[in-house]
Amino acid sequence: MSGATILHADLDAFYASVEQLLDPRLSGRPVAVGGSPHGGVVLAASYEAKAYGVAGGIPGWRAARLCPSLRFVPGRFREYQPLADRVMDVLGDVTPVVERISIDEAFLDVSGSTHLFGPPARIAALLRRRVRDEVGLPISVGVARTKHLAKIASQVAKPDGLVVVEPERERDFLDPLPVGLMWGVGPVARARLAERGITTIGELARTPSSAVEQVLGHAVGARMSALAHNEDPRRVAGAGRARSVGAQSALGRQVATRELVREVLGQLADRVAGRLRAKDRAGRTVTVRVRFAGMRSVTRSLTLPGPVATTLTLTEVAEQLVWQAIDDQPGPRPEVTLLAVSVSGLVHQSSLQLELPVQGDDPRRPGSAPGAARWAVDRSVDAVRARFGAGAVGYLPTAMPRVRTVPDEFRELAEHDL
DNA sequence: TCTGGGGTCCTAGGACCC
DNA sequence: TCTGGGGTCCTAGGACCC
């Protein structure tokens, strides 16, 4: 019961490893998925590339400078989801208690599986071998008494390793590790702690919780303090439902015109509303984000009287909010580099409960009057797309400015279940 | 040469209510 | 007369995660 029975299994450099699997000429070589020496951003880097300092998120031209022999591949995004699902199936063979937290990693509780498969360390080794033999991908596994410890252990195990933290050695394991390995400590928190001379988890554990809270804020400070003291009560369980749904598009640098904004928001709203309708959900709060040249971004949100899930209503509300955000900026009209739309305050909404007009409401107000008609139109569009494909029908002229957009397959990889 | 896309949670101020 | 105390919702911003 109190033994080390939690596993954290994490595929190594997942996207890059898939590319190496699909094209053996890439194996053992530095590979970047996405980006190019001339632009774009690297989405994932193989371990050989990481050795040069190449990492996900950095601009392609910088990656090329760091590693001249780097091979850029566009990414065969369609292949990723099925391969990751096969890995999860392997994990599910040893226990039903699997909590998938992203496309490529999961927690397992194997406390009920040891009578069948042996001790947890053995189970972890078995899983690693099976994933390698049956799917062809390297996976690292951490084994410990808690999720936090197991997660840290798998990070320490990478690449392609296994680390078991026995309960009596937890303190020895944690104390010398950098605070940045803790789940929830990012660059900002790490820098703030470093200013106080706190760089290891052991040092954090020896700092009074009240002091940590002063540095990191009440909630984060208390949580990090507890984790440093190795208190982690979280159980392995299925992930909860999503609390928001969104979509975004980077635009390069463009002057915002009515046409551009409407085109982009129409596409984003179509994705978001379509996902909501597919799961019979809707939400009351619409939030947009506008990022300007220089990476500064602002958000505007509006909570409607009732939930929305129609493409046109969402587009209209988002449009109002985006112009509000842009018009609030002082000086000449700024260049826009990204638009995002998201819907939160989600509720279940059966197909029969439409966006009904609020009595006495202005019929032109978003989310009210034409709701029923719009819902019906969207349902028809959804049905046509289900039969004939996503490109079969849509609302908006797509002849407008060229917006560089990523493939839908890539977007879908990051979607959470609704 | 100039930064992808989808999410979660927390903070803080103001409006509003009892 | 110069202002209690607590709670909820909304909005904007930010850190963090994969």
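The values are calculated or read from the model by the stated rules, or taken from the named source; none is laboratory data. The model shown is predicted, which means the values in this text are computed figures rather than measured ones. Cβ atoms come from the backbone with ideal geometry, glycine included; neighbour counts cover every protein chain shown.
A:Thr5 fulfils the conditions (1) in contact with a Ser or Thr (Cβ under 7 Å, 6 or more places away or on another chain); (2) within 16 Å of DNA strand B (Cβ to nearest atom) except for a single criterion, (2). Report whether or not A:Gly75 is surrounded by fewer than 16 Cβ atoms within 10 Å (Cβ to Cβ) and either on the phi > 0 side of the Ramachandran plot or in the same structural domain as A:Ala250 (by TED's automatic domain parsing) (or both). Answer is no for this residue.
Would you confirm whether any residue within segment A:299-311 is under 20 Å from the mean Cα position of the chain (by Cα) and in the same structural domain as A:Asp328 (by TED's automatic domain parsing)? Yes, segment A:299-311 contains at least one residue that is under 20 Å from the mean Cα position of the chain (by Cα) and in the same structural domain as A:Asp328 (by TED's automatic domain parsing). Can you tell me which residue within segment A:325-346, out of those that are in contact (Cβ under 8 Å) with a residue 40 or more places away in the chain and of a type outside the set (A, V, I, L, M), is surrounded by the most Cβ atoms within 10 Å (Cβ to Cβ)? Among residues in segment A:325-346 that are in contact (Cβ under 8 Å) with a residue 40 or more places away in the chain and of a type outside the set (A, V, I, L, M), the one surrounded by the most Cβ atoms within 10 Å (Cβ to Cβ) is A:Ser342. Kindly indicate which of A:Leu304, A:Leu260, A:Leu265 is more than 11 Å from DNA strand B (Cβ to nearest atom), touching a residue at least 60 places away in the same chain (Cβ under 8 Å) and part of a strand (DSSP E or B). Going through A:Leu304, A:Leu260, A:Leu265 in turn, the sole match is A:Leu304. Counting the residues of segment A:231-264 that are within 30 Å of A:Ser111 (Cβ to Cβ) and within 16 Å of DNA strand C (Cβ to nearest atom) gives 7.
Restricting attention to segment A:145-191, the residues being more than 16 Å from DNA strand B (Cβ to nearest atom) and touching a residue at least 24 places away in the same chain (Cβ under 8 Å) number 26. Scanning segment A:213-239 for residues that are surrounded by 16 or more Cβ atoms within 10 Å (Cβ to Cβ) and among the acidic types (Asp, Glu) gives A:Glu213, A:Asp232.
Selection within segment A:11-66: residues that are among the acidic types (Asp, Glu) and crowded, with 18+ Cβ neighbours inside 10 Å. The member of this set that is farthest from DNA strand B (Cβ to nearest atom) is A:Glu48. Scanning segment A:277-324 for residues that are over 24 Å from A:Leu418 (Cα atoms) and crowded, with 17+ Cβ neighbours inside 10 Å yields A:Val290, A:Arg291, A:Phe292, A:Glu319, A:Leu321, A:Val322.
Would you list the helices (runs of 4 or more DSSP H) that sit entirely within segment A:1-68 and hold 1 or more residues that are farther than 22 Å from A:Val87 by Cα and touching a Pro at 6+ places or on another chain (Cβ under 8 Å)? Of the helices (runs of 4 or more DSSP H) lying wholly inside segment A:1-68, those with at least 1 residues that are farther than 22 Å from A:Val87 by Cα and touching a Pro at 6+ places or on another chain (Cβ under 8 Å) span A:47-50, A:60-66.
Restricting segment A:127-166 to residues that are within 16 Å of A:Asp85 (Cα to Cα) and among the charged types (D, E, K, R), which is surrounded by the most Cβ atoms within 10 Å (Cβ to Cβ)? For segment A:127-166, the residue satisfying everything is A:Arg128. Of the residues contained in segment A:138-159, one or more are found to be closer than 26 Å to A:Arg235 by Cα, part of a loop (DSSP other than H, G, I, E, B), more than 24 Å from the chain's Cα centre (by Cα) and modelled with pLDDT of 95 or more. Looking only at residues in segment A:76-102 that are under 18 Å from A:Lys147 (Cα atoms) and outside any strand (DSSP E or B), the one that is nearest to the chain's Cα centre (by Cα) is A:Met88. Please find, within segment A:271-298, the residue that is farthest from DNA strand C (Cβ to nearest atom) out of those that are over 16 Å from A:Ala340 (Cβ atoms) and of a type in the set (Lys, Arg). So, considering only residues that are over 16 Å from A:Ala340 (Cβ atoms) and of a type in the set (Lys, Arg), the one farthest from DNA strand C (Cβ to nearest atom) is A:Arg277.
The number of residues in segment A:218-255 that are assigned to a strand (DSSP E or B) and in contact with a Lys or Arg (Cβ under 9 Å, 6 or more places away or on another chain) comes to 9. If the condition is being within 15 Å of DNA strand C (Cβ to nearest atom), among the small types (Gly, Ala, Ser) and modelled with pLDDT of 95 or more, then segment A:192-220 contributes only A:Ala194. Restrict the check to segment A:240-252 and report whether at least one residue is without any contact (Cβ under 8 Å) to a residue 40 or more places away in the chain, surrounded by fewer than 17 Cβ atoms within 10 Å (Cβ to Cβ) and either over 17 Å from A:Val341 (Cα atoms) or out of contact with any Cys (no Cβ under 6 Å at 6 or more places or on another chain) (or both). The answer is yes; a qualifying residue exists. Please specify each residue of segment A:164-204 satisfying the condition of being in contact with a Ser or Thr (Cβ under 8 Å, 6 or more places away or on another chain), of a type in the set (A, V, I, L, M, F, W, C) and not in a loop (DSSP other than H, G, I, E, B). A:Val179, A:Leu193, A:Leu204, listed by residue number.
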